[in-house]
1. All but one of (1) under 26 Å from Ile129 (Cβ atoms); (2) open to solvent by 40 Å² or more (accessible area, probe 1.4 Å) hold for Gly4; which doesn't?
2. From the list Leu54, Leu20, Leu77, which one is in a helix (DSSP H, G or I) and over 23 Å from Asn120 (Cα atoms)?
3. Taking region 64-82 on its own, how many of its residues are at pLDDT 95 or above and out of contact with any strand residue (DSSP E or B) (no Cβ under 8 Å at 6 or more places or on another chain)?
4. So which residues in region 44-61 are crowded, with 18+ Cβ neighbours inside 10 Å and under 30 Å from Ala133 (Cα atoms), if there are any at all?
5. Return yes when Thr114 is closer than 17 Å to Glu9 by Cα, touching a Lys or Arg at 6+ places or on another chain (Cβ under 9 Å) and open to solvent by 50 Å² or more (accessible area, probe 1.4 Å) and no when it is not.
6. Out of the residues in region 80-97 that are open to solvent by less than 20 Å² (accessible area, probe 1.4 Å) and assigned to a helix (DSSP H, G or I), state the one that is nearest to Ala136 (Cα to Cα).
7. So, in region 25-34, how many residues would count as being open to solvent by less than 60 Å² (accessible area, probe 1.4 Å) and touching a strand residue (DSSP E or B) at 6+ places or on another chain (Cβ under 9 Å)?
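The values are calculated or read from the model by the stated rules, or taken from the named source; none is laboratory data. Not measured: the values here are computed from a predicted model. As a convention, Cβ positions derive from the backbone with ideal geometry for all residues, glycine included, and neighbour counts pool all protein chains shown. Only protein heavy atoms, including side chains, enter the accessible area calculation; ligands, DNA and RNA are left aside. Shrake-Rupley method; radii C 1.70, N 1.55, O 1.52, S 1.80 Å.
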Amino acid sequence: GAAGTIIAEPSAGLVSPDSLRMFSTPYVKQIIQAVQDDSFEVILHNCAAKTDHLDAIYEAAAKGYHFGATTDMKSALEKAPENIIIAGNLDPAHIFCSNDIQNMKTAVTTLMKTASSHKNFVLSSGCDIPAAAPFASIDAFFAAWKTCIS
C-alpha cells in the first residue's frame with residue numbers, strides 16, 4: 001500500500017563524482033527502475049552532495065531528491081528537470097537543535113528566497129531531525145514557512 005520510498009545514501013557525497021558514477025549510481029538506478037512507476041515513487045537522499053555530484057546523482061532517475069545542508073540548493077534546482085521534486089536542506093543539527101527562533105526564521109526565509117521561483121522545491125530539513133531538537137524549533141520552522149508563502 002505504500003506510494004513510495006526514500007533511499008538514503010548519506011555517504012555518497014563524500015566520494016568523487018566519478019566514484020559515485022562507478023559505485024553508486026548504476027546500482028541505485030537499477031533499484032529505482034525496478035520499483036518506480038506511476039503509482040510508486042522513489043526519493044533519493046544524499047546528505048553530502050556538492051554541485052559536482054549533481055549530474056551523477058540525477059542519472060539515477062528518481063522522481064525526487066532530498067539534499068543535506070552541504071548542497072547548494074540553487075545549483076540543485078537549476079540542474080534538475082522541472083518535473084522532479086527537490087527537497088531540503090536546512091541543517092538539522094545546527095538550525096533545529098539550536099532553539100534559536102530568529103536563526104530558524106532567517107534560515108527558512110533565505111532558503112525560500114533561493115528556491116521560490118522553482119515550483120518543484122519542497123522545504124525540508126537536510127536530514128533527520130535529532131530527537132534533542134526542541135519542539136519550539138520545529139514550530140518556528142513551520143511559522144517561518146507560513147510567513148514565506150503568505
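1. (2)
2. Numbers: Leu54 fails: over 23 Å from Asn120 (Cα atoms); Leu77 fails: over 23 Å from Asn120 (Cα atoms).
Answer to the selection: Leu20.
3. Count: 5.
4. Listed by number, the residues that qualify are Leu44, His45, Asn46, Cys47, Ala48, Ala49, His53, Leu54, Ile57.
5. The answer is no for Thr114.
6. Residue satisfying both the conditions and the ranking: Phe96.
7. Final tally of qualifying residues: 2.
Okay, residues lined up against (1) touching a residue at least 24 places away in the same chain (Cβ under 8 Å); (2) under 14 Å from His66 (Cβ atoms):
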{"position": "Glu82", "(1), (2)": "yes, no"}
{"position": "Ile85", "(1), (2)": "yes, yes"}
{"position": "Ala93", "(1), (2)": "yes, no"}
{"position": "Cys97", "(1), (2)": "yes, no"}
{"position": "Asn103", "(1), (2)": "no, no"}
{"position": "Thr106", "(1), (2)": "no, no"}
{"position": "Gly126", "(1), (2)": "yes, yes"}
{"position": "Ser137", "(1), (2)": "yes, no"}
